[in-house]
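Note sheet for the following structure.
The values are calculated or read from the model by the stated rules, or taken from the named source; none is laboratory data. Remember, predicted model here, so these are calculated numbers, not experimental data. Methodologically, a virtual Cβ is constructed for each residue, glycine included, from the backbone with ideal geometry; neighbour enumeration extends over all protein chains shown. In case anyone asks, the SASA skips ligands and DNA or RNA and just uses the protein heavy atoms, side chains included. Shrake-Rupley method; radii C 1.70, N 1.55, O 1.52, S 1.80 Å.
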Amino acid sequence: MLLIKNAKIYSMVAPAIEQGDILIENNKIIKIGQGIEEKKAEVLRADGLIALPGLVDAHTHIGGMNFSQPTHTDDLNEMTNNITPDLQAIYGIDPGSPDFAYAYQNGITTVAITPGSGNVVAGWAFAAKTYGKNIFEMCIKNPIALKVALGGNPKRVYGKRNQQPSTRMSIPVMIKDLLSRAKEYLEKKEQAQRENEELPAYDRELEAVIPVLKKEIPLKIHCTQFDMLTAIEIAREFGLDFTLDHAWGASEYLEEIVESGCKIVFGPIGSMKSLGEARLIDIESVVELDRRGVLVSLITDAPILSIDSLLHHAGEAVRAGCAVERVLRMITINAAEIIGVADRVGSLEVGKDADIVLFKGLPAYDTKAEVIAALIDGKIVYSA
Amino acid sequence: MLVIKNAIIHVGTGYIKKNYDILIKQGIIVKIGQDLKYNGCEVIDASNQEVFPGFIDPVSSIGCIDKTFTINDQNETAHPVTPDLKIKYAFNHSEVMFEGLHQVGITTIGASPGNTNVLGGQMAAYKTWGLNSAKMLIKEPVGVKGSVSNLVKQTYGKRDQAPQTRMGIFKVLNETLAEAQGELERGGDCADDEKKSIVKKILKQEIPLFITANKSVEIAALLNLLKQYKIRLVICGAYQADRCLESIKKMEAGVVIGELVFLTAKNYNNTDLYRLAQLQEEGIPVSITLSGESGPVGKVKYIWNAIELYKSGVASEEVLKMMTINPARMLGLEDRLGTVEVGKEADLVIYTKNPIKSYFAKVSHTIIAGKLIEQKGGDS
């Protein structure tokens with residue numbers, strides 16, 4: 001047993017507890033409150049520190065991409081076929097990548113890792129803890145979403161080969177085609193099961209789409225600016241859950257986003273701007289989305305931006321006018337809910353995994369806020 | 001006339017003045033004092049706000065490049081040695097990346113060629129606000145920009161042209177400098193083309209040389225080669241310069257630390273920012289920039305890079321020097337810009353708090369050449 005004593009606890013589910021304690025047994029939180037005593041527990045003093053749930057980044061590529069020379073790798077864009085729903089990001093991940101250490105050393109204990117955006121339908125994303133040697137053991141849930149990419153990336157990849165999609169017009173056609181075939185396949189399968197008939201021939205690609213049709217996982221849609229309308233239309237037509245990932249320009253689509261019921265995975269920011277996809281990179285949109293009740297998370301797209309810049313992103317949301325407590329949710333509980341792992345992580349509650357970060361200074365406000373200790377599954381994986 | 005009342009002034013030299021007024025006349029700071037008397041001035045009440053010298057990015061291709069790389073006017077890849085080219089012919093002040101730099105407080109950039117050429121061309125300093133680039137121009141040329149980074153090898157090597165290796169890069173750099181140096185030493189009249197005459201200006205220390213060198217091998221090789229010449233050197237990128245501090249001090253080279261967040265550059269290079277910043281104690285100017293290995297990034301990262309230095313343990317006024325007076329020195333503009341002092345041009349940014357220390361800091365005003373710039377909605 002481990003007892004964290006005397007921290008200011010931001011649990012994300014209740015008001016901050018001054019001088020609070022957290023008791024951990026095995027890998028779970030078993031008690032939170034003031035004045036907890038437990039003789040059998042090892043004590044971790046946290047005087048003057050802030051305890052937060054381990055931070056969550058809902059959209060990364062760590063362990064599967066590295067675009068810096070000379071260690072260039074990309075195991076998350078299989079750009080040989082533009083529709084690949086049955087690819088799984090987890091098979092592209094090297095847990096030995098230093099990005100995992102940069103993550104937990106900076107308080108990020110859970111990440112979603114997703115295929116890239118080179119394909120229109122790119123495959124399954126999964127969620128993992130950031131500490132460990134075996135990605136299959138680090139994995140919390142697979143799949144958490146089916147990744148789909150609108151806009152420039154698949155267009156550039158396939159267009160220059162004179163293949164579809166070479167325009168934005170093709171992209172919804174291709175996605176809807178896959179979803180229609182999967183829907184038909186699922187209906188045939190269910191009918192066959194009902195009537196005890198022979199099942200249709202097993203189709204690995206369409207099988208990979210079924211969890212989306214059954215709303216067990218959302219579509220994770222890479223899109224920005226006016227592509228958001230395309231995303232919303234597709235999801236509505238098939239009655240799907242979905243997230244808009246990146247979502248630059250969201251401030252011009254607030255009503256449509258709210259009405260669609262989707263969730264927003266916003267970022268990264270500080271990117272190169274250009275007319276078209278990167279015209280408006282509006283972190284200020286998360287303030288208004290949050291106010292209107294949309295579930296919003298902030299992301300780094302690491303290693304495109306360094307994973308530790310999650311705190312810079314949170315800081316910019318504060319600068320844009322969001323309350324610190326609201327912004328902290330965007331990198332903890334909101335992100336956990338969006339990637340479907342809030343039963344395990346994202347808040348400090350009895351029964352949840354003991355993923356806890358002790359900060360000196362208030363992250364997202366104080367630029368010097370520093371991780372003093374990071375715990376994953378009750379184990380101290382980093383201490384300053 | 002414009003007066004900024006009752007501000008906390010970060011001078012840029014390491015000093016802070018509390019509750020001071022700044023009087024600006026015809027674009028120049030004419031008086032700094034307490035309870036200044038003034039008449040008929042536009043007044044900014046800056047009580048509890050913090051005034052900084054406008055920030056400077058000394059090396060940037062912003063304005064010459066776009067995200068889709070369809071413009072790419074910063075790299076002339078026909079030949080690796082093009083010191084005669086001038087960035088001013090490529091600089092588009094209305095390019096979308098350039099717009100709004102003043103919203104984070106950047107008031108000057110050193111527009112510069114990119115990283116594909118050993119000597120890429122001549123830099124120009126611009127203010128970040130104005131009707132057109134002629135009106136925004138501060139000084140030209142302010143330096144010659146070159147590179148000994150991997151990008152040079154990639155650009156020419158893949159065509160089986162020299163330089164294909166690091167050896168090749170340093171051969172090209174050395175022969176270009178040696179030829180001009182030889183002519184200088186022999187004296188007499190040589191028919192100079194523009195290429196040679198600009199290289200001679202570098203060798204006569206009339207113009208600084210900005211060279212991108214990211215890795216320690218590149219930096220060490222650069223310093224070893226250049227020690228036989230007298231050159232005002234500024235090393236750009238410099239992600240592993242913390243491993244070459246002694247030779248940097250000997251050369252008295254300036255250091256522009258490349259952008260740290262994009263493509264996880266700081267982490268992958270194990271950059272020791274605190275160690276690098278110690279160069280300032282030896283009088284070596286260190287600066288920050290939005291430019292990374294593959295080009296410039298969005299403006300908020302300028303502040304993030306300052307924060308990275310502060311987080312590493314560098315005092316905030318020391319970080320501020322890297323954003324103001326140091327880049328001004330590198331560009332030869334320290335008599336005009338880089339501090340809040342009488343006689344300097346009134347390029348100022350006013351924040352509600354110190355953005356190096358708190359994310360809860362917003363720009364309330366940016367002033368360029370004494371003129372209050374209208375703040376549009378702040379996209380990042």
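Of the residues B:TRP304, B:TRP129, ranked by 1.4 Å probe accessible area with the largest first, the sequence reads B:TRP129, B:TRP304. The magnitude of the dipole of chain B, with charges of +1 and -1 set on the Cβ of Lys/Arg and Asp/Glu and taken from the Cα centre, is near 340 debye.
When Cβ neighbours within 10 Å are restricted to other protein chains, what is their mean count per residue of peptide B:256-268?
Values: counts 0, 0, 0, 1, 2, 10, 11, 10, 17, 4, 4, 12, 10.
Across the residues of B:256-268, the mean count of other-chain Cβ atoms within 10 Å is 6.
Peptide B:64-74 has a mean of 3 when you count, residue by residue, the C-beta atoms of other protein chains within 10 Å of its C-beta. Using only Cα atoms, find the angle between the long axis of helix A:170-194 and the longest principal axis of chain A, and express it within 0 to 90 degrees, rounded to the nearest 10. For A:170-194 against chain A, the angle is about 90 degrees.
Compute the Rg/Rh shape ratio of the stretch B:55-330: radius of gyration over Kirkwood radius, all on alpha-carbon atoms. Please report the intermediate quantities before stating the final value.
On the way: Rg = 17.5 Å, Rh = 18.5 Å.
Computed over Cα atoms, the ratio is 0.95.
Once A binds B, the 1.4 Å probe can no longer reach about 3800 Å² of accessible area, counting both sides. Given +1 at the Cβ of Lys and Arg, -1 at the Cβ of Asp and Glu and no other charges, the dipole of the stretch A:55-345 around its Cα centre is 320 debye to the nearest 20.
Shielding value for B:300-312 is 4, the average number of Cβ atoms from other chains within 10 Å of each residue's Cβ.
If you roll a 1.4 Å probe over the heavy atoms of the protein chains, what accessible area per residue do you get for chain A, in Å²? Spell out each step's value before the answer.
Working: 14730 Å² over 384 residues.
For chain A, the solvent-accessible area averages 38 Å² per residue.
Restrict the search to the stretch B:251-298; then list the GluC sites (Glu not before Pro) that DSSP places in a loop and that have at most 14 other Cβ atoms within 10 Å of their Cβ. Please list the in-between numbers first.
Working: sites: B:GLU252, B:GLU259, B:GLU281, B:GLU282, B:GLU293; in loops: B:GLU252, B:GLU259, B:GLU293.
Passing both the DSSP loop test and the Cβ count: B:GLU252.
Electrostatic tally near B:ARG336: other residues with Cβ closer than 10 Å to its Cβ, Lys and Arg +1, Asp and Glu -1, net -2. Mind grabbing the base-10 log of I(q)/I(0) for the stretch B:129-247 at q = 0.21 Å⁻¹? Debye formula, identical points on the C-alpha positions, no solvent, two decimal places. Rounded to two decimals, the profile gives -1.19. With a Förster radius of 25 Å applied to the beta-carbon distance between A:ASN26 and A:ASP47, the computed FRET efficiency rounds to 0.45.
Distance between the 7 Å Cα→Cβ label points at B:GLU42 and A:GLU38: 6.3 nm.
If you take the alpha carbon radius of gyration of the stretch A:55-345 and divide it by 2.2 N^0.38 Å, what ratio comes out, to two decimals? Could the numbers behind the result be given before it?
On the way: Rg = 18.4 Å, N = 291, 2.2 N^0.38 = 19.0 Å.
Taking the Cα Rg and dividing by 2.2 N^0.38 Å, one obtains 0.97.
Within the shell defined by Cβ-Cβ distances under 9 Å, the residues around B:LYS200 carry a net charge of 0, with Lys and Arg each +1 and Asp and Glu each -1.
So what's the back-of-envelope 222 nm ellipticity for the protein assembly as shown, counting only DSSP H runs of four-plus at -39500 (n - 2.57) apiece and dividing by all residues, rounded to 500? Write down the numbers at each step before the final one.
Values: 23 runs with 199 residues, N = 764.
Taken over the protein assembly as shown, the calculation gives -7000 deg cm²/dmol.
The figure for A:ASP94 is an accessible area of roughly 90 square angstrom, using a 1.4 Å probe on the protein chains alone. With R₀ set to 41 Å, the beta-carbon distance separating B:GLN34 from A:ARG291 gives a calculated FRET efficiency near 0.45.
For B:ASP73, the solvent-accessible surface computed with a 1.4 Å probe is close to 90 Å², ligands and nucleic acids excluded.
About its Cα centre, the dipole of the protein assembly as shown is roughly 1540 debye, where the only charges are +1 on Lys and Arg Cβ and -1 on Asp and Glu Cβ. Distance between the 7 Å Cα→Cβ label points at B:ALA78 and A:ARG204: 5.1 nm. Could you work out how far helix B:166-186 tilts from the main Cα principal axis of chain B, as a 0 to 90 degree angle to the nearest 10? Approximately 90 degrees, to the nearest ten.
Using only Cα atoms, tell me the angle between helix B:300-311 and the longest principal axis of chain B; keep it within 0 to 90° and round to the nearest 10. The angle comes out near 90 degrees.
Starting from the amide H of B:ILE106, placed 1.01 Å from N in the peptide plane, find each other amide H under 5 Å away whose residue is 5 or more places distant or on another chain. HN-HN under 5 Å from B:ILE106: B:PHE55.
A 1.4 Å probe over all protein chains sorts A:LEU305, A:LEU186 by accessible area into A:LEU186, A:LEU305, starting with the largest.
Working from label points 7 Å from Cα in the Cα-to-Cβ sense, the B:SER94 to B:GLU140 distance is 1.7 nm.
Taking only protein heavy atoms and a 1.4 Å probe, the accessible area of the stretch A:55-345 is 47% carbon and sulfur. Give me the net charge for the shell around A:TYR102: Cβ to Cβ below 12 angstrom, other residues only, Lys and Arg +1, Asp and Glu -1. Within the 12 Å Cβ shell, the charges total -2. Averaged over residues, the count of other Cβ atoms within 10 Å places the peptides A:257-264, A:37-44 in the sequence A:257-264, A:37-44, highest first.
In the assembled protein chains, A:LYS31 presents an accessible area of approximately 100 Å² (probe radius 1.4 Å).
Order the following by accessible area, largest value first: B:ASP45, A:ASP290. Probe radius 1.4 Å; ligands, DNA and RNA are ignored.
Numbers: B:ASP45 100, A:ASP290 20 Å².
Of B:ASP45, A:ASP290, the descending order of accessible area is B:ASP45, A:ASP290.
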